[in-house]
Structure formats: C-alpha cells, structure tokens
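What follows is a set of notes on a single structure, which appears directly below.
The values are calculated or read from the model by the stated rules, or taken from the named source; none is laboratory data. Quantities reported herein were computed from a predicted structural model and do not represent experimental measurements. Because the Cβ atoms are built from the backbone with ideal geometry, glycine has one as well, and the counts that use them run over all protein chains shown. Side chains are part of the model used for accessible areas, which takes the heavy atoms of the whole protein and leaves out ligands, DNA and RNA. Shrake-Rupley method; radii C 1.70, N 1.55, O 1.52, S 1.80 Å.
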Amino acid sequence: MGNYLVYLRQLNIESMMLRIVLAMLAGGIVGFEREKKGQAAGFRTYMLVAIGAAITMIVSQYFDLMLNTAWAADQKAVGTRTDIVRLGAQVINGIGFLGTGTILVTSRSEVKGLTTASGLWASACMGLAAGAGFYEGTLIGFFFIILCINVLPFIEKAILPRSKNMNIYLEMDSIQNIGEVVNKVKAEGIALYDVEINRNKSEGEKDLSALLSLHLPKRRDHNEVLAMLATLDGIITIDEV
C-alpha cells in the first residue's frame, strides 16, 4: 500500500487521472449540497473550481520536473529560478473574483452568499491538495467541508434563536412608530444599541424601514420578541436578520 501511494504521488498518467477525478468528485459533491439550497454557485461551479485548481497544481509539478530535467540546461543558462508554488497561490487569489460575485447585501441589510464564497475558496484549496497528490489531505478537507455545510446549520438553528444579541428588520407606516418600538423595547429591559433608519426604498416597497440591534438581558426566545413587537400599531413587516 505504501509503495502504491508513493507511485501515485509521482507525476504519471494514473496519478494525474486519480487527482483530477478525486477533485472533480469532491468538488461536485460539495457543490451539489449548495445547489440543493438554491445557491448561485452549485454543482458545476464547485466541480470546475476544484478541477481547475487540481490541474494548476499538476502543472506546477510538471514545471518543477521539467526544470530539473529537460529544461535544466536552459534554466542554468538564463540564470533564474522559477517558483512553482506561485501558480497555486494565484488560484487562491483568483478565486476571490468568483467569491465576490456570490456575496450580496439585500435591502434588509442582510449579507448573503458568504458561505458560498468561502465554500468556493475551500473547494479550490481542496483541488490544490488533490493536484499535489496529497490524497489524505484532500479527503480530510472534503470531510470537514461537508461537515460545515450539512451539520453546523443544525447547531446554529439550535443556538442562535436563544442568543442574547439579535437584529430586527422593521417596515412601518411612519416615523412615529419608531418611538413606540423603542419604548416597548426599553420597557422589556432590552438594550437597544443601534438603530438604522432607511427612507429611500425602491418602488413598490414601503416608505420607512429600520434595522434594530438589540441585546437581551437574559436568554430569551427570539420569536417571542418578534411576536411582542409585531402587536404594535403601524408595524407592517418584522423579521430577524
């Protein structure tokens, strides 16, 4: 087994095929999980990112092999050394363009797409590991990426609804309703440490909205707080963001 792994870490047809297929499968599975949740970057995007990263790493190893064998005389004549690691580093830099395209700030001041962007970045790193022949690192990284995407959301849903900090998005009839909300919050002993009011809504939406940042004095169900504020006059929409 050990000798076979040594063989697969060398630059040959079998190892190159295995590296690209491993990157393709791992990246595709991660992307499929994101696509099931309706994210912009899904199955094919993640797969292509992982494959591209794997190919880049294989090319880096190919350059290193050629520079020390067939191209050694030419390199010596030129008198410069080429850093093959730079190709892999450029993959990590380049993936930032894809990640930026998936991150959006909604009209409710919610930031969407951070998990997708970080997943693309992690998928690229996983592809680099596969391309380098670091099979153990690829599989371990794949396991923890899937763990973060599939398991951690359930933990978050169990913990976050009872955390002491919460952000609330409100749409109201008029500016006077803000005062009523603030008074109600203070009467409940809840600390209000930030209020952001927005009057410039797009066509078809209400004239006034606000984003409130609250700190609860004790652990309290967030749905209970939302239900309490929803009973106030003039509240059109209320939601946690």
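Output yes when any residue across the range 217-227 is open to solvent by 70 Å² or more (accessible area, probe 1.4 Å), over 29 Å from Ala158 (Cβ atoms) and either modelled with pLDDT of 85 or more or among the charged types (D, E, K, R) (or both), and no when none is.
no
Quick grid of which residues meet (1) within 30 Å of Gly94 (Cα to Cα); (2) touching a Gly at 6+ places or on another chain (Cβ under 9 Å); (3) of a type in the set (Lys, Arg):
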site	(1), (2), (3)
Gly127	yes, yes, no
Glu136	yes, no, no
Leu160	no, no, no
Asn167	no, no, no
Leu170	no, no, no
Ile178	no, no, no
Ala210	no, no, no
Leu214	no, no, no
Pro217	no, yes, no
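Filtering the range 85-108 down to residues that are assigned to a loop (DSSP other than H, G, I, E, B) and at pLDDT 65 or above, which residue is surrounded by the most Cβ atoms within 10 Å (Cβ to Cβ)?
So, considering only residues that are assigned to a loop (DSSP other than H, G, I, E, B) and at pLDDT 65 or above, the one surrounded by the most Cβ atoms within 10 Å (Cβ to Cβ) is Ile103.
I need the full set of residues from the range 36-57 which are at pLDDT below 75 and either open to solvent by 30 Å² or more (accessible area, probe 1.4 Å) or part of a helix (DSSP H, G or I) (or both), in order please.
Once the filter is applied, which keeps residues that are at pLDDT below 75 and either open to solvent by 30 Å² or more (accessible area, probe 1.4 Å) or part of a helix (DSSP H, G or I) (or both), the range 36-57 yields Lys36, Lys37, Gly38, Gln39, Ala40.
Condition check ((1) at pLDDT 85 or above; (2) of a type in the set (Phe, Trp, Tyr); (3) within 30 Å of Tyr62 (Cα to Cα)) across all residues:
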position	(1), (2), (3)
Gly113	no, no, no
Ala117	no, no, yes
Gly127	yes, no, yes
Pro153	no, no, no
